[in-house]
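Since the structure comes first, as structure tokens, the remarks are kept for the end.
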Amino acid sequence: MARQLRIEESLRTFLITGATDGIGLFTAKLLAQTAPAVEDPTAKRIIAIHGRSEDKLADAYGEIQCYGDLNNYEIRKFCYDFEDMEQVDKFVNDVLKKFPGDDNDDDHTNRQLDCVINNAGIFDESAPNYSKCKRYELTFMVNVVAPFIITKRIMEEMPVKP
Ligand SMILES: NC(=O)c1ccc[n+]([C@@H]2O[C@H](COP(=O)([O-])OP(=O)(O)OC[C@H]3O[C@@H](n4cnc5c(N)ncnc54)[C@H](OP(=O)(O)O)[C@@H]3O)[C@@H](O)[C@H]2O)c1
């Protein structure tokens, strides 16, 4: 695995959607591997991984933990299926609850989610059991609508560092 990844020191908390496979899982491993050493446990890098299967999330959790020093990062899991608009909404509510911003914090230094990686997506549209049109609709939902809603709601409801 490539070891070169430059991440600004001030970025501490990361959310990666679709982190149970492929590029998302690879990215989560890189974030674990490159987590800076911390003395204070509250300063650990937080890597929030999302997937749609509890089993795959558990496997990913186990795999990521083989990278880097566990004293320097923490993994949080989120399980939601982005084919379903209601689940996308619940996912954002859950994220906002677990990474609250602070409305009274003018310079946003208490903001708790620094980076969102909208990676979840359907790359292979050959899923069985659906008509072609239905597959295109689901692909559009997962690849376009879900990241739009996630980004928009998080930007609106969580203060952003200027
Ligand atoms: N690989 C490429 O060459 C390439 C090129 C261009 C763009 N991309 C895009 O880059 C992203 C990652 O690609 P990849 O090759 O790493 O894909 P991948 O290996 O198929 O992984 C996709 C991830 O998205 C998750 N996902 C799929 N459908 C979902 C749904 N309905 N709800 C929630 N999560 C869902 C998958 O969960 P499961 O593990 O449960 O399926 C998995 O974690 C995708 O958005 C893809 O379209 C990839």
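Roughly how many debye, to the nearest 20, is the charge dipole of the chain about its Cα centre, given +1 on each Lys and Arg Cβ, -1 on each Asp and Glu Cβ, and no other charges?
Once rounded to the nearest 20, the dipole reads 420 debye.
Rounded to the nearest 10 degrees, the angle from helix 22-33 to the longest Cα principal axis of the chain is 10 degrees. Counting only the Cα atoms, segment 8-85 fills a convex hull of 92 Å³ per residue.
Report the relative contact order of the chain, percent, no decimals, based on alpha-carbon pairs under 8 angstrom and at least 6 residues apart. Present the calculation step by step, with values, prior to reporting the outcome.
Details: 246 pairs, mean separation 40.5, N = 162.
Once divided by the residue count of the chain, the mean separation gives 25 percent.
Approximating the spin labels as points 7 Å out from Cα along Cα→Cβ, the Glu63-to-Gln112 distance works out to 2.8 nm.
Helical runs assigned H by DSSP (4 residues or longer) give the chain a calculated mean residue ellipticity at 222 nm of -11000 deg cm²/dmol, each run adding -39500 (n - 2.57) before division by the residue total.
Using a simple spin-label model with pseudo-atoms 7 Å out from Cα toward Cβ, Thr151 and Arg6 lie 2.4 nm apart.
By how many degrees, between 0 and 90 and to the nearest 10, does the Cα long axis of helix 54-64 differ from the longest principal axis of the chain? So the inclination is approximately 40 degrees.
What net charge do the residues around Pro36 carry, taking every other residue with its C-beta under 13 Å from that of Pro36, with Lys and Arg at +1 and Asp and Glu at -1?
My count for the surroundings of Pro36 gives -1.
In the chain, taking the dipole from charged Cβ atoms about the Cα centre, the farthest positive-side position among Phe91, Pro128, Ala48 is held by Pro128. More than 28 Å apart: what percent of Cα pairs in the chain qualify? Every Cα pair in the chain considered, those over 28 Å come to 24 percent.
Across the cross-link table entries Lys29/Lys77; Lys90/Lys152; Lys77/Lys132; Lys29/Lys152; Lys90/Lys132; Lys29/Lys134, which are compared at the Cα atoms, the separations over 23 Å belong to Lys77/Lys132; Lys29/Lys152; Lys90/Lys132; Lys29/Lys134.
The numbers here are math on the coordinates, done by the rules we state, and not lab data. This is a predicted model, so every value here is computed, not measured. When we count neighbours, we look across all protein chains shown, and the Cβ atoms used for this are built from the backbone with ideal geometry, even at glycine.
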